[in-house]
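Working notes for the structure below.
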Amino acid sequence: MTTERALRTVDMHINVGPQHPATHGVFRMVLEVDGERVAGCTPYIGYLHRGFEKLAENEEWQEVIIHLDRTDYISQFNNELCYAMGMERLLGVEPPERAEYARVILAELNRIVSHMMFYGAFGADVGALTPFLYAFRERERLQRLFEAVSGARLMHFYFRAGGLKEDLPEGFADELRRMLPAVQHGIDECDRLLTQNEVFLSRTVGVGKLAASEAIAYGCSGPVLRASGVREDVRRSDPYSLYPTLDFDVPVGKNGDCFDRYWVRLAEMRESVRIVQQCLDRLPEGPIRTPVPRYPHFRVEPGEIYVHTENPRGDYGLYLVSKGGVQPYRVKLRSPCFCNLMALGPMLRDSYLADAVVILGSLDIVLGEVDR
Amino acid sequence: MLGVLKGLVTTWKTHWRAPVTVQYPDERLPLQPRYMGFPGLMWDAEHDEPFCTGCQVCMRYCPTGCMFVEMKDNPKFATGESKRRKIVADFTINLSRCISCSICVEVCNFEAIEMTHHHERAGYYPDQVAGLPTLFQMSADHRAGVGQKPGHETRNLL
Amino acid sequence: MADLDEQSQPTPSEPAPPARPVPARAPAGPPPGERTPVKPTAQALADHLALAWPDVEHHARFNFGDIELTMPAGQLLAAVERCRNDPALAFDYLMCVSGVDYETSIEVVYHLYSYQHHHHLTLKVTLADCDRPTLDSVTAIWPAADWHEREAAEMLGITFLGHPDPRPLLLDDDVDEHPLRRSHQLVAVYADRPGIVEEPDDD
């Protein structure tokens, strides 16, 4: 005898995180589950909030760079590039050509490193642990190069207003030229390892679809937006530094599912190798710093600027307000992960619970940047 | 079936590659010359005293506030042995709080502080504090290790 | 540098190191934002706005080649609706919502971009009432504004009217301060600094 009472179902709430390896940091979400389907998702962020914007108001202009390294701690050179460009535009100085080339080379290598990190972690999210080790082996090669350049493996503090901290180390160009085929080979190997894998395909194709209109409405950017088929890249749409002179493609996906987000990043790594190759061929000799005043005298004229760069995770923007003092008046960070994460709710709706981790992984969030 | 065989071929090939990892505490990868560990204080062998005058500029610019500096009158100035009127009296760095950002090196006016290759400070206490003798020793070890002379490229940049 | 005031400013009596060349500052002229040439897209946009927006009270200027509009809070909803729906504007991408505390007023800044026309626009709204700043929410037009507004609300104490989910975002629920106000001082957390004792060095 089936009564109405016996058939009544109750939604279940499942708490994921904040300390859960699949959340890539300290991210917490409460999933509302109807059977095996996700009916709703409430994200909670802020566990890694360090008050970067308030700290920046209390530091001198150039010192803020060390905090920027710690926002998106996987793509530090790109963050520094964004802030250095903002300061330079406010100051009205141009970095010398060698510095520009060095910056673009390092930023693009940093993109490869960051996407390698994604590749490894995404493989682990899907259930394949081997790619993680391969990705880290490839990553290590470039990390050692970064260590030789800046003296630190992660928190570089290398780009300054008007150029670089110091010149590239001796033999950098030769070393990198020797290394690039290996990097390319590493990317190909990673591609072979995962892209055709049947288990991987069945876990990612058609999972977590995000329509282009939705991606735009939620302010998504970077690979998440491009996977949905929108050919939009800050390096093309609002070109900065040397990018107008460089030849590279902007890969886009079709379906906006997890596989496309993965594929776009893999294709971007190849484009980055191309960009680095072009820059290396043209890397000029010369000064690396346009002189700007030293620390007690470093002041920026009153004004405000919104400057953004294409980070591995998307459109990284900084709104800088200066009142002419030695410290910035206001630094607002527009973090790409923060905005991409807003689209998590629509992406998770009606997906399987087991796919939630894959969908979150495909966004490639860095909590240091989400929480700031 | 074919996929499994392919996987095994890859495993077989990779099995004979040289390993890229080392067993950490026994074996260490070499550090790059520019590596930034913790800061150390340099010793002016010519006058047999530190370069540091205790002017506290590094302390004021340190983003984590891990430094404490005091200055005193230089006794050697009175006897004419040195040109430094003031000299460092006390210098402590809480290495547990230091983030190795090299700001202290770049703001120093006297080129007295440098980033050494020391980076391992795991210990049993929350505050690993290094005082003057340790800081001089760190710099001396670093100089001996990398064969550098005092005076380096990265000074006074900020 | 949170506790600058606590520390005396030491003056090294050492003779100053040899003066390094400090380059002359840029000659006085227009502010840096106006020295940059105006982008062609921004010029076209400015011409369109002058024609199409006679009834919206706003002040326009160029900043780093892009156009920037300042308007009173009451005009915001009418303006953003046109920004989104006017086919000549079609601003579909809300890049950033920033709140800035100028002590006498609070400013909310919207950075917009159009994927269709590839032009940028900055909208600025000045809120004169610093004690209870209130502004209409734009989440109905751009869902992307959701978290940005929640963040501005908790950090600067702005109330966004009509926001669907006005909970705090980054801070704890029981924090009743607004950290990004200029009046909020950072406190020195390393108060134990002078009492540091040297640990015995065993090596």
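A few comments on the model shown:
- Considering only C:A60, C:V175, C:L45, the residue lying farthest towards the positive end of the dipole of segment C:35-180 is C:L45, judged by Cα position with unit charges set on Cβ.
- Residues of type aspartates and glutamates that A:K323 reaches as a straight line, Cα spacing below 12 Å, ignoring anything fewer than 8 places off in the same chain: A:E57, A:E301, A:E304
- Scalar couplings 3J(HN,Hα) for segment A:307-313, obtained by applying the Karplus form with A = 6.51, B = -1.76, C = 1.60 to θ = phi - 60°, are 10, 9, 10, 8, 7, x, 9 Hz; x denotes Gly and Pro.
- Kyte-Doolittle mean at least 0.0, axial Cα span of 27 Å or more - DSSP H helices of chain A: A:97-126
- The label-point distance for A:Y73 and A:T42, in a model that sets each label 7 Å from Cα toward Cβ, rounds to 2.9 nm.
- For the residues of A:288-296, the average number of beta carbons from a partner chain within 10 Å of their own beta carbon is 4.
- Taking Cα centre as origin and charging only the Cβ of basic (Lys, Arg, +1) and acidic (Asp, Glu, -1) residues, the dipole magnitude of chain A rounds to 380 debye.
- Mean residue ellipticity (222 nm) of chain A, computed from DSSP H runs ≥ 4 via -39,500 (n - 2.57), nearest 500: -15000 deg cm²/dmol
- Between A:D34 and A:L133, the contour length at 0.36 nm per residue exceeds the Cα-Cα span by 32.0 nm.
- Cα pair count fraction exceeding 19 Å, expressed as % - segment B:37-146: 41
- For A:C41, the residues 5 or more places off, or on other chains, whose built amide H falls under 5 Å of its own are A:E32.
- Contact order relative to length of segment A:111-244, as percent, for alpha carbon pairs under 8 angstrom and 6 or more apart: 14
- Between B:L29 and A:A22, the modelled labels are 3.1 nm apart [label points 7 Å from Cα along Cα→Cβ].
- Compactness of segment A:250-311 as Cα Rg over 2.2 N^0.38 Å, two decimals: 1.83
- Computed from Cα positions, the angle between helix B:132-146 and the longest principal axis of chain B comes to roughly 50 degrees.
- Relative to the longest principal axis of the Cα atoms of chain B, helix B:2-15 runs at roughly 40 degrees.
- Between the residues C:G162, A:H67, C:A152, the greatest Cα displacement towards the positive end of the dipole of the protein assembly as shown, with unit charges on the Cβ of Lys, Arg, Asp and Glu, is found for A:H67.
- Residues of segment C:92-135 with amide N under 17 Å of the 7 Å Cα→Cβ point at C:A78: C:124-126
- Each of the peptides A:272-281, C:149-158, B:9-18 was scored by the mean count of other Cβ atoms within 10 Å over its residues; in descending order, highest first, they stand as C:149-158, A:272-281, B:9-18.
- Compared with the direct C-alpha span, the chain from A:L154 to A:E214 gains 18.2 nm at full extension, assuming 0.36 nm per residue.
- Computed Rg/Rh of segment A:150-241, alpha carbon atoms with Kirkwood Rh: 1.09
- For segment A:51-371, the ratio of Cα radius of gyration to the globular rule of thumb 2.2 N^0.38 Å stands at 0.98.
- If a spin label sat at a point 7 angstrom from the Cα of C:S105 along the line to its beta carbon, the backbone N atoms of segment C:53-75 nearer than 15 Å would be those of C:57-61, C:69-75.
- Value of relative contact order over chain A, rounded to a whole percent, pairs C-alpha under 8 Å and six or more apart: 26
- Taken residue by residue and averaged, Cβ atoms of other chains lying within 10 Å of the Cβ of A:136-148 number 2.
- Under the Debye formula (equal points on every Cα, no solvent term), log10 I(q)/I(0) of the protein assembly as shown at q = 0.10 Å⁻¹: -1.08
- Only Lys, Arg (+1) and Asp, Glu (-1) charged, at Cβ; the protein assembly as shown dipole about Cα centre in debye: 1480
- Distance in nm between pseudo-label sites at B:D141 and B:T14 (7 Å out along the Cβ direction from Cα): 3.7
- Peptide packing: for A:170-177, A:97-104, the average count of neighbouring Cβ atoms within 10 Å per residue gives the ranking A:97-104, A:170-177, highest mean first.
- Derived scalar couplings ³J(HN,Hα) [segment A:335-343; Karplus, 6.51 cos²θ - 1.76 cosθ + 1.60; whole Hz; x for Gly, Pro]: 8, x, 5, 4, 6, 5, 5, 5, 7
- Cα gyration tensor, segment A:290-372 - rounded (a/c under 1.5), prolate or oblate: prolate
- As a ratio to 2.2 N^0.38 Å, the alpha-carbon radius of gyration for segment C:35-180 is 1.06.
- Of the peptides A:226-238, A:25-37, the ranking by mean beta-carbon count within 10 Å, highest at the top, reads A:226-238, A:25-37.
- Nonlocal amide H pairs with B:D44, under 5 Å, H built at 1.01 Å: B:E49, B:F51
Read-outs: derived from the displayed coordinates by stated rules, not from any lab. Not measured: the values here are computed from a predicted model. Using ideal geometry, Cβ is built from the backbone for each residue, glycine included, and neighbour counts are taken over all protein chains shown.
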